[in-house]
């Protein structure tokens, strides 16, 4: 029998042949991209259940529970309106500043939260990763879905704010749906890329808050986008107008509000939005898949 | 070569085809944040300037050239003193720690059941059971159907309705029982158990030993790491003894355990 070779030197070849003869494969080998995607699809129920569980867990110790999903965006909008709308008074450039501010804020928060939690999605789940076998892309994608649920409650708040501040309901509102779908795919790609980087570079978690704050000021969340053209040199203005987050925010504002100042024409916004989405979603997925075997190491 | 002698020591006739082949595996792993050396900000800055490696990353050479073959219907115990590389070897078989050299071949996807298999502490036991099943790749309907059986088997409801309480309210024994119940809800071709049986009470230990036997009878292979020699004797007929990452003995449990106990006493 071939397994008599257990303690012999030079047994490598025989054991490998034995493995081949019985159709055994190398443990933990990375499947190819197509097989990986198929695997991920069979785990779709796990992804949604995991994302829902995260939403439940987030507020499980609070007395008001799920109500915080609505209260958190409301409180955020209140604070920023107090500082930027009342104290600093940047409101005069835009007719409906409250709606303008809240739209930008909620759309930005979606990406910002996904990036922050995506970065730690591998590190924070090492126990689960070392115990069970599943495509690791489940974790960052679930982060995106969890935040998507928070976004949906933010949007409910936002629609209330927009209506109260006197915007009419138009067919254009429907454009919000493709905008958020594109942003969700973009965010999923970003979460995947950040998850792999965060698993290797443990210092990244400390840097992310600063990166996100810089990104926020470059996305025209708190003030009118007209400021960019007025105050930035040409090259910097070009960079800012190509900023994917600014693009998604502008599209959301365009969908919900009448007569809103935009940094670029609408056609250009849609083209750039699609390009960014495809680039980051596909790129992030492939980047994450290439590191698949390393994630258990920690 | 003395083929007859080795054949009698390893895997006698009744076993089926091989399910796990470990071929000259070496495992080195790196630990971040292993304290001790200079971790001050100044030291960190100096490292950035000089480009030297952080002293907080240390390499551990845990497994040094291990080879063996395990078959269908076999239960293999892994024994050895603390830090001998048993758990590391299990992780490599599960495909979670890539070997530095050599290879591990497996049939199907081995699943590792450890005491630290973290589920959600803030979610109730039922929801954890459902998530656990989905994480093992089941469909939603199949998972839903299995949950009551898992709760029943784990026995966490024996002291009231604990299944609907968050897992953070469980005792460590209860949590371990639930984890074992979840992991064993699916039939695995290869199941790796890392000290999980040691945490439950005597009654649960007996029940889990039975479950391991069932799994073995359905042509699965079970690996059991434990310091409780009793449960190794109870469940495994073959034992591998690891010491400092090298195999010291591989054969019938009685024989190997006797050698191991003699070794432990001598030290």
- Task: Check the range A:256-268 and report whether any residue there is at pLDDT 85 or above, out of contact with any helix residue (DSSP H, G or I) (no Cβ under 9 Å at 6 or more places or on another chain) and more than 14 Å from chain B (Cβ to nearest Cβ).
- Result: yes
- Note on the structure: By residue number, the members of the range A:184-209 that are closer than 22 Å to residue B:30 by Cβ and either surrounded by 19 or more Cβ atoms within 10 Å (Cβ to Cβ) or outside the structural domain of residue A:276 (by TED's automatic domain parsing) (or both) are A:194, A:195, A:196, A:198, A:199
- Across (1) within 11 Å of another protein chain (Cβ to nearest Cβ); (2) more than 27 Å from residue A:62 (Cα to Cα); (3) in contact (Cβ under 8 Å) with a residue 24 or more places away in the chain, residue B:150 clears everything bar (1)
- Task: Taking only the range B:94-109 into account, find how many residues are more than 7 Å from chain A (Cβ to nearest Cβ) and in contact with a helix residue (DSSP H, G or I) (Cβ under 6 Å, 6 or more places away or on another chain).
- Result: 1
- Message: Quick check on residue A:181: is it assigned by TED's automatic domain parsing to the domain that holds residue A:107, surrounded by fewer than 19 Cβ atoms within 10 Å (Cβ to Cβ) and either at positive phi or at pLDDT 95 or above (or both)?
- Response: yes
- Note on the structure: Only one of A:207, A:169 is out of contact with any strand residue (DSSP E or B) (no Cβ under 7 Å at 6 or more places or on another chain), farther than 21 Å from residue A:105 by Cβ and outside any helix (DSSP H, G or I), namely A:169
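Conditions tested, residue by residue: (1) in a helix (DSSP H, G or I); (2) at negative phi; (3) crowded, with 24+ Cβ neighbours inside 10 Å.
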position: A:126; (1), (2), (3): yes, yes, no
position: A:133; (1), (2), (3): no, yes, no
position: A:141; (1), (2), (3): yes, yes, yes
position: A:145; (1), (2), (3): yes, yes, no
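I need a count of the residues in the range B:75-90 that are within 11 Å of chain A (Cβ to nearest Cβ) and modelled with pLDDT under 85. Step through it out loud before you land on a result.
Pass one, the range B:75-90, residues within 11 Å of chain A (Cβ to nearest Cβ): B:87, B:90.
So of that shortlist, the ones also modelled with pLDDT under 85 come out as B:87.
Selection size over the range B:75-90: 1.
Does residue A:35 satisfy the criteria of being under 28 Å from residue B:90 (Cβ atoms), more than 12 Å from chain B (Cβ to nearest Cβ) and in a helix (DSSP H, G or I)?
Details: under 28 Å from residue B:90 (Cβ atoms): yes; more than 12 Å from chain B (Cβ to nearest Cβ): yes; in a helix (DSSP H, G or I): yes.
For residue A:35, the condition - under 28 Å from residue B:90 (Cβ atoms), more than 12 Å from chain B (Cβ to nearest Cβ) and in a helix (DSSP H, G or I) - is met.
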- Enumeration of residues in the range B:113-147 that are closer than 25 Å to residue A:41 by Cα, at the interface with another protein chain (Cβ under 8 Å from one of its Cβ atoms) and outside any loop (DSSP other than H, G, I, E, B): B:113, B:127, B:130, B:131, B:132, B:134, B:135, B:140, B:143
- Residue under evaluation residue A:49, criteria (1) touching a residue at least 12 places away in the same chain (Cβ under 8 Å); (2) at the interface with chain B (Cβ under 9 Å from one of its Cβ atoms); (3) within 20 Å of residue A:143 (Cβ to Cβ), criterion not met: (1)
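Scanning the range B:155-166 for residues that are without any contact (Cβ under 8 Å) to a residue 40 or more places away in the chain and part of a helix (DSSP H, G or I), which turns out farthest from the other protein chains (Cβ to nearest Cβ)?
Among them, the one singled out is B:158.
What about residue B:228, is it under 19 Å from the mean Cα position of the chain (by Cα), surrounded by fewer than 16 Cβ atoms within 10 Å (Cβ to Cβ) and without any contact (Cβ under 8 Å) to a residue 60 or more places away in the chain? Step through it out loud before you land on a result.
On the way: under 19 Å from the mean Cα position of the chain (by Cα): yes; surrounded by fewer than 16 Cβ atoms within 10 Å (Cβ to Cβ): yes; without any contact (Cβ under 8 Å) to a residue 60 or more places away in the chain: yes.
So residue B:228 passes the test.
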- Message: Here is a check on your reading of the model: is residue A:217 in the same structural domain as residue A:118 (by TED's automatic domain parsing), surrounded by 19 or more Cβ atoms within 10 Å (Cβ to Cβ) and under 22 Å from residue A:98 (Cα atoms)?
- Response: no
- Do we have residue A:234 as farther than 30 Å from residue A:174 by Cβ and buried (at least 18 other Cβ atoms within 10 Å of the Cβ) here? no
- Query: What single numbered condition from (1) more than 14 Å from chain A (Cβ to nearest Cβ); (2) in contact with a strand residue (DSSP E or B) (Cβ under 8 Å, 6 or more places away or on another chain); (3) modelled with pLDDT of 80 or more fails to hold for residue B:197?
  - Reply: (3)
- Would you pick out the residues in the range A:82-113 that are more than 25 Å from the chain's Cα centre (by Cα), crowded, with 16+ Cβ neighbours inside 10 Å and closer than 24 Å to residue A:173 by Cβ? A:85, A:91, A:94, A:95, A:96, A:97
- Count of residues meeting criterion [part of a loop (DSSP other than H, G, I, E, B) and out of contact with any strand residue (DSSP E or B) (no Cβ under 7 Å at 6 or more places or on another chain)] in the range B:167-190: 6
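The values are calculated or read from the model by the stated rules, or taken from the named source; none is laboratory data. No experiment lies behind these values; they were computed from the predicted model shown. Please note: Cβ atoms are built from the backbone with ideal geometry, for glycine as well, and neighbour counts cover all protein chains shown.
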